Amino acid sequence: MPSTQTPPLAGAAVDPPSLRPPIEDAAIERVEPAQLHARLEALHGEGWTMLLDLGAADYPQRTPRFDVVYHLLKLPSQPRSAEQLGAPQRMRVLCGVDAADPHLPTVSDLWKAADWAEREVYDLFGILFDGHPDLRRIQMPHTWEGYPLRKDYPLRGPARERSPRPAFALKSNVQAGTPPSGETLAALQEQEKERERDT
Amino acid sequence: MSLSTTPLTPEVVSLEGNSMVLSMGPQHPSTHGVLQLVLEIEGESVVRADPEIGYLHTGIEKTAENLFWSQAQTVIERMDYLAPESNSLCYVLGVERLLGITDRIPKRAERIRVLFSELTRIASHCVWLGTHSLDLGAMSVFFYTFDLRENILDLQEAVGGARMHPNYLRVGGCNGDLPEGFLDKFDTLLQKFPGRMRDLRGLLQANPIFQDRTIGIARLSLEDAISWGVTGPSLRASGLAYDVRRAFPYTGYEGYEFDVPTRTEGDAYARFLVRLDEMEQAHRILTQVRTQLEEPGPVMIADTKVAAPPKETIALSMEALIHHFKIVSEGFRVPPGDVYQAVESPRGELGYYIVSDGGNRPYRVRTRPPSLYNLQAIKGIAPGNLIADLVVSIGSLDPVFGEVDR
């Protein structure tokens, strides 16, 4: 059932990340879906050994509509103390995904961490990761319809049906002078009948 | 049909081998919340484990998108409910960077942030230690740790009015200075702590039963840990000294002396030792903060576009009244852009990828929950272990399900 609580999209942002130069020291890179896997594989080989996070954001007014965001961490191999660790680096890779064809290659073959992260993006945004070993919903129930973190997803479910007035409504609960109606009236009449039957 | 790529169901497993499927949880005391593990077992040993999460999914990220920047903090603090200040600190730092006010946060506010960030680390490790040892049959540890945690919750209550979720840190500083009598309670805690740590170590560290249950159990190699994205004490117990406080210092952590304890064994006992060492390092930082707190100063940024002006000025100044009204009724606006901010929470690297579209509500708050990535590693740890050791594995990774499921 359509909900009345669908958020308005008219004033929504077109592409906030592009509106301002980056405000952090991490390297930021934008990659096309076709080159994504090759680029991330190259980065993985260059020492970006940890996939910190894989998330997504939805910009309905923009083409491509979704951004899938990868945060990578570069670690020197086998440091034993915090001093040896030096200054690790972070990197952000963004990849635009079109709403008409929301497919991306999986990176769970490069980083095991991508397994659940990709399932979550699929679950909440409906982006499919080709080659993922076990792509099914993770947070929402398996029978759920729709993708909750999309911006056009309703904020509330359908309006609840009005519950009937309780049949045990007493005369004292009805305001003085208000003629009872509907089920309340029926319930009151039932009560009267029962009382007559008892006496 | 390949067994490794399909969801575990009785039909699938009965097709091959002598294994059977056992569902553990979600209502199982040792799963520390609502975790369901679908296990494929042969006799007593686990062949494959498939954790099912999402039982505590409450849509916090979606909710946050529809609240003011300052209101969103209240739901975000409820993600990792054992370390509320880590969550709000990370979020607040991210928003401050988007606002461009990071350099103007008062020194005293930063010290108070460090204070609560470390207090919450001790409190969180206390819960972990108490419940973890309870899983292993050591009852008394629980009472010692929860007593210590209770003192920390008292401090949270003193500043925020609530024990679990004080919502004390604010964008631009903290909500008011430390109340009267706070430092006395804090001093008592600082003095009590070393003795209490000796007790805890005495109860467990050389305990043969505890050692039998944890040494060599739930081993996680460094390569696997990095590949699974494991951070925090669990990563440091596998040999990598990665700590966000050192690698990407924030809120003045570069000015404190502390060690990053590491072990190389990567088993449950190593994680236990690393966490105990971490509690002592947290105490070391707290001692340094204590001397700095003698110095008075403002705790909130003097920028009326972000922080409401002091209450006393409202009756005297027209502008103060207007600013107060605007901040309360429609919140502050944040310039558009995106930022990734991370802090070292008790469980590992907690990160927020925050996008603003220039409005008074966050456009997107993506969380990097350390528990989710740490828990995922159970798929690599569990196979080959006994079911009884699975309880140790989960406990030693210390997942919090408010954060895993959000």
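When B:Gly54, B:Gly33 are checked against the criterion of being outside any strand (DSSP E or B) and farther than 30 Å from B:Leu273 by Cβ, B:Gly54 stands alone in meeting it. Scanning region B:49-74 for residues that are closer than 22 Å to B:Gly172 by Cβ, within 14 Å of chain A (Cβ to nearest Cβ) and either among the aliphatic types (A, V, I, L, M) or free of Cβ contacts under 8 Å to residues at least 12 places away in the same chain (or both) yields a total of 2.
Going by what's in this entry, would A:Pro88 be described as free of Cβ contacts under 8 Å to residues at least 60 places away in the same chain and farther than 25 Å from B:Val355 by Cβ? Show your work before the answer.
On the way: free of Cβ contacts under 8 Å to residues at least 60 places away in the same chain: yes; farther than 25 Å from B:Val355 by Cβ: no.
The answer is no for A:Pro88.
Tell me, please, whether a residue that is at pLDDT 90 or above, of a type in the set (Ser, Thr, Tyr), crowded, with 17+ Cβ neighbours inside 10 Å and over 30 Å from B:Gly331 (Cα atoms) can be found in region B:264-287. Among the residues of region B:264-287, at least one is at pLDDT 90 or above, of a type in the set (Ser, Thr, Tyr), crowded, with 17+ Cβ neighbours inside 10 Å and over 30 Å from B:Gly331 (Cα atoms), which makes the answer yes.
Based on what the data block shows, is B:Val404 within 30 Å of A:Pro60 (Cβ to Cβ), of a type in the set (A, V, I, L, M) and in a strand (DSSP E or B)? Judged against the criteria, B:Val404 is not a match. Of the candidates A:Leu110, A:Leu124, A:Leu135, A:Leu155, the single residue that is within 19 Å of A:Glu41 (Cβ to Cβ) and not charged (D, E, K, R) is A:Leu110.
Which members of region B:171-189 meet the condition of being of a type in the set (D, E, K, R) and within 23 Å of B:Thr304 (Cβ to Cβ)? Matches in region B:171-189: B:Asp177 only.
Condition check: surrounded by 15 or more Cβ atoms within 10 Å (Cβ to Cβ) and either within 14 Å of chain A (Cβ to nearest Cβ) or modelled with pLDDT under 90 (or both). Does B:Ile327 satisfy that?
Details: surrounded by 15 or more Cβ atoms within 10 Å (Cβ to Cβ): yes; either within 14 Å of chain A (Cβ to nearest Cβ) or modelled with pLDDT under 90 (or both): yes.
It is true that B:Ile327 is surrounded by 15 or more Cβ atoms within 10 Å (Cβ to Cβ) and either within 14 Å of chain A (Cβ to nearest Cβ) or modelled with pLDDT under 90 (or both).
Any idea how many residues of region B:367-399 are crowded, with 23+ Cβ neighbours inside 10 Å and either at positive phi or part of a strand (DSSP E or B) (or both)? Going through region B:367-399 one residue at a time, the tally reaches 3. The residues on offer are B:Asp187, B:Asp177, B:Asp147, B:Asp154, and the sole one that is modelled with pLDDT of 90 or more, more than 30 Å from B:Asn207 (Cβ to Cβ) and out of contact with any Phe, Trp or Tyr (no Cβ under 6 Å at 6 or more places or on another chain) is B:Asp187. Inclusion of B:Pro369 among residues that are touching a Ser or Thr at 6+ places or on another chain (Cβ under 7 Å), closer than 28 Å to A:Asp53 by Cα and facing another protein chain (nearest Cβ under 10 Å) is not warranted.
The values are calculated or read from the model by the stated rules, or taken from the named source; none is laboratory data. What you see is a predicted model; the values in this text were computed from it and never measured. Note that each Cβ is placed from the backbone with ideal geometry, even for glycine, and that neighbours are counted across all protein chains shown.
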